[in-house]
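Q: Questions regarding the structure given below will be posed in turn.
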Amino acid sequence: MLWIKNIHIFSLLVVWLLFCRPLTAETPQTGPLVAPSKPPAIEKIGDHLFRVGTLRVDTAKRQITIPGRTLNAVVLEFVATVPRGVKAYESALELDTDALTFNAACILIGLDPSRSKRPQRHFDPTPPEGDPLEILVSWEALGETRQIPAEELLFDKKNNRPFSNSRWVYTGSMLLPNGRFLAELEGVLIGFVHTPAPLIENVAVDAVGRYGAVIFNPNLGLQPGTPVTMTLRALPLAGR
């Protein structure tokens, strides 16, 4: 299915994202929506292919690829943050993008915030809901490309094993009453402990309420600053 036919439609999507994104009941608008200081650069580079800032978007495959690097965090609550994000100290990776651009790319591959149910508070025990995704992380090691599911970055100390749950969902973050986009404010893109800020969460409850129980997987041999590429792929909706 063709999600986007040309760059004009994509531009409209970005305008909708920045200025017309619907508000939920828990986030009434009490002030003007705050737009980013500079809109993302958009370039059509081929059939169904776009470059959105540093992101490469394939609307036919419903796939996004993003460059980034590993961080030196040990205890984790997030998989990915923006560069120099306030949650970098508890994130596995930083990706070369910002929250608004990342969200625009998610919408471009067909992820729909109207189908999401985000966590309502930090360590919310209720699993989030949303459009499903597959997330992969790759890097070069000894002249070869190694690729793993994103959940294998997370190591559960109690059970002495990496996470095995691969059910990632798009929750879309939220607007605050002052009009700020929470993912942009906190600089977080992908999380797993069930908190409202990230755009993507894991449905597992393994880490909920257990701060310090999840660390960066020491068995991967990844040093801080290692260049990585993240690939996000939208999966078919159940029953479709």
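Quick note: the coordinates plus some simple rules give every number you see, no bench work behind them. If you're wondering where the values come from, they're calculated on a predicted model, not measured in any experiment. Neighbour counts run over all protein chains shown; Cβ positions are idealised from the backbone, glycine included.
Q: Once you put a point 7 Å from the Cα of residue 167 and another 7 Å from the Cα of residue 235, both along the Cβ direction, what distance in nm separates them?
A: For residue 167 paired with residue 235, the spin-label model returns 0.9 nm.
Q: Give me 144, 134 ranked fewest to most by other Cβ atoms within 10 Å of their Cβ, as a rough exposure proxy.
A: On the way: 144 7, 134 15.
Least to most surrounded, the residues fall as 144, 134.
Q: Report the FRET efficiency, 1/(1 + (r/R0)^6), for residue 114 and residue 211, where r is their Cβ-Cβ distance and R0 is 35 Å, rounded to 0.05. Let's see the in-between values first.
A: Details: r = 32 Å, r/R0 = 0.91.
Efficiency at R0 = 35 Å is approximately 0.65.
Q: Ok, one more. Give me the aspartates and glutamates in straight-line cross-link reach of residue 61: C-alpha distance below 15 Å, same-chain residues under 8 apart excluded.
A: Reachable aspartates and glutamates: 47, 134.
Q: Could you order the peptides 106-116, 73-83 from most to least packed, using the average number of other C-beta atoms within 10 Å per residue?
A: Descending mean neighbour count gives 73-83, 106-116.
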